[in-house]
Amino acid sequence: MTPGKVKMAEQFISAIPHCKALNMKLTEIGDGFAVMELPYDLRIVGDPETGVLHGGAVSALMDTCCGAAAMSHPASPATTATIDLRIDYMRAATPGQTIRTRAECYHITRSVAFVRATALDDDSERPVATAAGAFTVGGIK
Amino acid sequence: MSRKRIEPVQVIKQRRDGALHSLVHGVPYVQFLGIEFDRRGDELTAIMPFDDKLIGNPMLPALHGGAIAGFLETTAVIGLAWSVLWEDIESGNVDTEELAVGHLPRLPKTIDFNIDYLRSGLPRDAYARARVTRSGRRYASVHVEAWQDQRGKLFAQATGHFLMPAPADG
């Protein structure tokens, strides 16, 4: 993927109001994969006693990253929407740490993109969550 | 054979609404999404009023899949916690004054969550209800339905599995 296309993808993501509200950032994008970050934020805590982030915020990050991976596939769908997404929560994210997720579009047809993702915090050995989903493929070139 | 005296309706309502209020308002992320709960007896309806920051596709415009996921997961967790809490409130096992000052019961933890996006979320208020399909001592299964203008026309549904918090008294 050319640097211009990466820049465009970054701008595309940061123009999404919900992503902007969560301060999500696209850090890497290539042919059928994307890497995104979600900084720790007290506003999106799910358990006030421990300060652990809410699963919903992690879902939002993984959903966006999976969509970006689907759109970055060389078959290049112009638009995409989530058909379904399954998230497994392995452990609580460590409070104060940025969540990083990498999504990969491992198969694409004329109508559907199959994507999976893993979310990590500073401990890159033990995933916080994994996701698998199907996305629509719209306006294929 | 003395029956328990029936309490005035206001006392009951205050206790139930107070417990629900502390459950919902104690979680920052729930406030971030602006989710409120409407209670009729023990039935809860979650409401996510439309807000610009929930948008995921500015062109359509449509709600973000992640915001919808957060909304459904919140509906499931609060619905599940409420169904457990309800028994305790009614039987007097829970100190509602403790709840009111923010000493919340431990919430169930999500093990997995599976969301179906049936149609795009329109830029208006969204509603959801959870049904606890199975509630065991350790695990629970919850189904959630979400709609916007028409109750029968779901725009998303989800099923999740949850780990129940260990009982406080061992």
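Read-outs: derived from the displayed coordinates by stated rules, not from any lab. Being a predicted model, the structure only gives us computed values, none of them experimental. Reconstructed Cβ throughout: ideal geometry from the backbone, glycine too, with neighbour counts over all protein chains shown.
Sequence-distant contacts, meaning Cα pairs under 8 Å at least 6 residues apart, place the relative contact order of chain A at 23 percent. Excluding B:VAL142 itself, calculate the net charge of residues whose Cβ lies under 13 Å from the Cβ of B:VAL142, where each Lys or Arg counts +1 and each Asp or Glu counts -1. Net of charged neighbours comes to +1. If R0 is taken as 51 Å, the Cβ-Cβ distance between A:LYS7 and B:THR45 corresponds to a FRET efficiency of 0.70. Using alpha-carbon positions, what is the distance between the centroids of the stretch A:1-38 and the stretch A:57-101, in Å? Each part reduced to its Cα centre gives a spacing of 11 Å. Classify the stretch B:9-163 as rounded, prolate or oblate, taking a ≥ b ≥ c as the square roots of the eigenvalues of its Cα gyration tensor: rounded when a/c is under 1.5, otherwise prolate if a/b is larger than b/c and oblate if not. Since a/c reaches 1.5 and a/b is larger than b/c, the shape of the stretch B:9-163 is classed as prolate.
Helices in chain A, meaning DSSP H runs of at least 4 residues, each add -39500 (n - 2.57). Divided by all residues, the mean residue ellipticity at 222 nm is -7500 deg cm²/dmol.
Electrostatic tally near A:ALA69: other residues with Cβ closer than 13 Å to its Cβ, Lys and Arg +1, Asp and Glu -1, net -2.
Rounded to the nearest 10 degrees, the inclination of helix B:9-25 to the longest alpha-carbon principal axis of chain B is 50 degrees.
List the GluC sites (Glu not before Pro) within the stretch A:42-141 that fall in a DSSP loop (any state other than H, G, I, E or B) and whose Cβ has at most 10 other Cβ atoms within 10 Å. For GluC sites (Glu not before Pro) across the stretch A:42-141 that sit outside H, G, I, E and B with at most 10 neighbouring Cβ atoms in 10 Å, the list reads A:GLU125. Applying both filters, DSSP loop and at most 11 other Cβ atoms within 10 Å, to the trypsin sites (Lys or Arg not before Pro) of the stretch B:70-170 gives B:ARG124, B:ARG137, B:ARG138, B:ARG151, B:LYS153. Using a ≥ b ≥ c from the Cα gyration tensor of the stretch A:3-136 (square roots of the eigenvalues), is it rounded, prolate or oblate, where a/c under 1.5 gives rounded and otherwise the larger of a/b and b/c decides, a/b for prolate? Cα axes put the stretch A:3-136 in the prolate bin.
Note: the stretch B:46-86, Cα convex hull, 57 Å³ per residue.
Measure nothing fancy, just the Cα-based angle from helix A:3-14's long axis to the longest principal axis of chain A, in degrees from 0 to 90, nearest 10. Orientation of helix A:3-14: about 50 degrees from the principal axis. Normalising by residue count, the protein assembly as shown has a Cα convex hull of 142 Å³ per residue. Applying the criteria of a DSSP loop state and at most 15 other Cβ atoms within 10 Å to the trypsin sites (Lys or Arg not before Pro) of the stretch A:44-102 yields A:ARG91. Between the Cα long axis of helix B:65-91 and the first principal axis of chain B there is an angle of about 10°, rounded to the nearest 10. Once the Cβ-Cβ distance of A:THR94 and B:ILE6 is raised to the sixth power relative to R0 = 41 Å, the FRET efficiency obtained is 0.25. Selection among A:THR27, A:ILE13, A:THR118 by position relative to the dipole of chain A gives A:ILE13 as farthest towards the positive end (Cβ unit charges, Cα centre). Per residue of B:106-112, other chain Cβ atoms within 10 Å of the residue Cβ number 5 on average.
Report, in whole Å, the centroid distance computed from the Cα atoms of the stretch B:12-37 and the stretch B:45-78. Using only Cα atoms, the two centres lie 18 Å from each other.
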